Every structure is written in C-alpha cells, then in structure tokens.
Amino acid sequence: MAWYRNHYQCARCDAEWTDDWSCMCDDDCPFCGARHMSPHHNDDLTHVTERRADRFVVLRSMESAEETPDYELVANFPSRKLAEAFLKATLTASPNTSA
Ligand SMILES: [Zn+2]
C-alpha cells in the first residue's frame, strides 16, 4: 500500500494543511469547512528512513495499511547514507527482476 502526505491549500480561505493518507484524496478545509479540496502536492511516504538509537532503519508501509501507514522494518544500516542508498536502489529496481 502506498502512503502519502498530501498538501492542501484552501481555494476559499487560503489556509494550508497536510494530511497523511493511503491515497491522494480530496479533503475538507479544517479552517472554513470548504469541501473537496484536491492536494496540490504530495510526498510519497511509502518508504521512509528513520533514526533509531545509533542505527538508521528503512521502513515500508505494509500492504494492509489503510488508516495508518503500518510500517514494517525492511532493513537497518549504520548510517543514513547507506539507508538512503538502499532505498534508492529499492525504488528504482524493477518489480519483475529478482536478484
Ligand atoms: Zn478554507
């Protein structure tokens, strides 16, 4: 399951807010209540890196995720650089190619 952080700007009152969700869906303005605002931008949070103690872990949103990203730990590394290199390789790898 993909996981996104959607960025919204209200067309009526100009307020900005973000919402994390499993799709790029419309949201209602939390300030003035205007309906069905579409995200103008989103960050893909399906894979994230995070520092835990002295390690950097790579997390992936599980297939079963619906209302929370439900992250599972994919790998952990001694540095952020290695974690991000792994993540980049994962994201660019073809799903049909097995190592
Ligand atoms: Zn508004």
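How much accessible surface area, in Å² rounded to 10, belongs to the heavy atoms of Thr18 with a 1.4 Å probe?
Counting only protein heavy atoms, Thr18 exposes about 80 Å² to solvent.
Set Lys and Arg Cβ to +1 and Asp and Glu Cβ to -1, take the dipole of the chain about its Cα centre, and tell me which of Trp3, Thr68, Leu82 lies farthest positive.
With unit charges placed on the Cβ atoms, the residue in question is Leu82.
Counting Lys and Arg as +1 and Asp and Glu as -1, what is the net charge of the other residues whose Cβ lies under 9 Å from the Cβ of Tyr71? Intermediate values should be presented prior to the final figure.
Values: positive: Arg60; negative: Glu50, Asp70, Glu72.
The answer is -2.
Charges only on Cβ, +1 for Lys and Arg, -1 for Asp and Glu: so what's the dipole of the chain about the Cα centre, in debye to the nearest 20? Write out the running numbers ahead of the final one.
Details: 10 positive and 17 negative charges, 117 e Å.
Dipole magnitude for the chain comes out near 560 debye.
How large is Rg over Rh for the chain, taking Rg from the Cα atoms and Rh as the Kirkwood inverse mean of 1/r across Cα pairs? Let's see the in-between values first.
On the way: Rg = 16.5 Å, Rh = 15.2 Å.
Over the Cα atoms of the chain, Rg/Rh equals 1.09.
If you take every residue apart from Cys32 with its C-beta less than 14 Å away from the C-beta of Cys32, what net charge results, scoring Lys and Arg +1 and Asp and Glu -1?
On the way: positive: Arg12, Arg35; negative: Asp14, Glu16, Asp27, Asp28.
Result for the neighbourhood of Cys32: -2.
Could you estimate the translational diffusion coefficient of region 46-92 from the Stokes-Einstein equation, with Rh from the Kirkwood formula over C-alpha pairs, at 10 °C and 1.306 mPa s, in whole µm²/s?
Working: Rh = 10.8 Å.
This corresponds to a translational diffusion coefficient of 147 µm²/s.
What number comes out for the charge environment of Leu82, summing +1 per Lys or Arg and -1 per Asp or Glu over other residues with Cβ under 12 Å away?
Numbers: positive: Arg55, Arg80, Lys81, Lys88; negative: Glu84.
Overall, the nearby charge balance is +3.
Probe of 1.4 angstrom, ligands and nucleic acids ignored: what's the accessible area per residue over the chain, in square angstrom?
Working: 6730 Å² over 99 residues.
Result: 68 Å² of accessible area for each residue.
The values are calculated or read from the model by the stated rules, or taken from the named source; none is laboratory data. Bear in mind that the values here come from a model prediction, so they are computed numbers and not experimental data. Every residue, glycine as well, gets a Cβ built from its backbone with ideal geometry; the counts of neighbours run over all protein chains shown. Side chains are part of the model used for accessible areas, which takes the heavy atoms of the whole protein and leaves out ligands, DNA and RNA. Shrake-Rupley method; radii C 1.70, N 1.55, O 1.52, S 1.80 Å.
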